[in-house]
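Below is one structure; the comments refer to it alone.
The values are calculated or read from the model by the stated rules, or taken from the named source; none is laboratory data. Everything numeric here is computed off the predicted structure, so don't read it as measured data. Backbone-built Cβ (ideal geometry, glycine too); neighbour counts: all protein chains shown.
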Amino acid sequence: MPPSASPLPTAGRITRPLSLRESAYDAILAMIVNRSLEPGRHLVENELAATLGVSRQPVREALQALSNDGWVDLRPGHGAFVHDPSDDEADQLLAVRGLLEAESARLAALNAAADGVAQLRAVCERGTAAWKAQDMPAVVAANTALHAQVMRLSGNTVLQELAAQVDRRVQWYYTPVARHRGGQSWKEHAELIDAIAAGDADGAASVMRSHTEQTRRCYSERKAEGRLETDVFHSGTAGG
């Protein structure tokens, strides 16, 4: 006879997701990523609750969750503050992003079909038009969409999952330099797409590597000059 099954270990009951907390989390995170809430900003529960139209409880829970995920710093006796990444923290993440993106470009050049390349060109045209119109939120959105499409065209699901883990933070770092990178960024995108369309794996990887390095360097230089949040203000990105 088979042995008797041992009793299951004691565990807490699974509870339903707290939709208000999750909604507050998403809303606050969106404001952090687009720099409406700049790094170092003091986050006051009452103000956030009034802005979001909820009570303080879901805001408090959202701030705790954002702290767990590294977006907010909770300082005992002082409150919650938007995380202000160190130079090393930003540099390391953007360097890792460069490695992932270069490999995705290489694989995309080997695997992309004509319709996938056409989608890339459409996104690039949209981003270029947004830049000419100085619509910085649209520029950032198009940039995110283009890089995500290259990832999809790579055909490597593990690579896509790894990239998804850093996508929001990359957008956070790119937002304040979108205006300064300007039209040159979209020329680099066009060059990248040409390499992918030609099936030039090494060329695509090289262009993407250089492209991401330029963004990393621009972020580091602008932060060293204390001009990141000034760039956001003048670009019209914050609050957009």
Candidate set: the stretch 209-228, residues that are crowded, with 17+ Cβ neighbours inside 10 Å and under 17 Å from the mean Cα position of the chain (by Cα); chosen: the one modelled with the lowest pLDDT: L228
Condition met for R106 (at pLDDT below 95, crowded, with 20+ Cβ neighbours inside 10 Å and under 29 Å from V177 (Cβ atoms)): no
Enumeration of residues in the stretch 96-137 that are of a type in the set (D, E, K, R) and within 18 Å of I193 (Cα to Cα): E101, E103, R106, D115, R121, E125, R126
Check on G53, under 26 Å from T157 (Cβ atoms) and either surrounded by fewer than 17 Cβ atoms within 10 Å (Cβ to Cβ) or modelled with pLDDT of 95 or more (or both): no
Qualifying residues in the stretch 127-137 (those that are in contact (Cβ under 8 Å) with a residue 40 or more places away in the chain and touching a helix residue (DSSP H, G or I) at 6+ places or on another chain (Cβ under 7 Å)) - the one surrounded by the most Cβ atoms within 10 Å (Cβ to Cβ): G127
Only one of E103, E89 that is of a type outside the set (A, V, I, L, M) and touching a residue at least 40 places away in the same chain (Cβ under 8 Å): E103
Which numbered condition D73 fails, given (1) closer than 30 Å to Q119 by Cβ; (2) touching a Phe, Trp or Tyr at 6+ places or on another chain (Cβ under 7 Å): (1)
Identity of the residue in the stretch 111-126, farther than 19 Å from V140 by Cβ and loosely packed, with under 15 Cβ neighbours inside 10 Å, that ends up nearest to the chain's Cα centre (by Cα): A118
Qualifying residue in the stretch 173-192 (condition: of a type in the set (A, V, I, L, M, F, W, C), over 24 Å from E89 (Cα atoms), outside the structural domain of P39 (by TED's automatic domain parsing) and over 19 Å from the mean Cα position of the chain (by Cα)): yes
Residue within the stretch 52-60 that is assigned to a helix (DSSP H, G or I), closer than 30 Å to S210 by Cβ and among the β-branched types (V, I, T) present: no
Unmet criterion (only one of (1) within 22 Å of the chain's Cα centre (by Cα); (2) surrounded by 19 or more Cβ atoms within 10 Å (Cβ to Cβ); (3) closer than 30 Å to A205 by Cβ) for V72: (3)
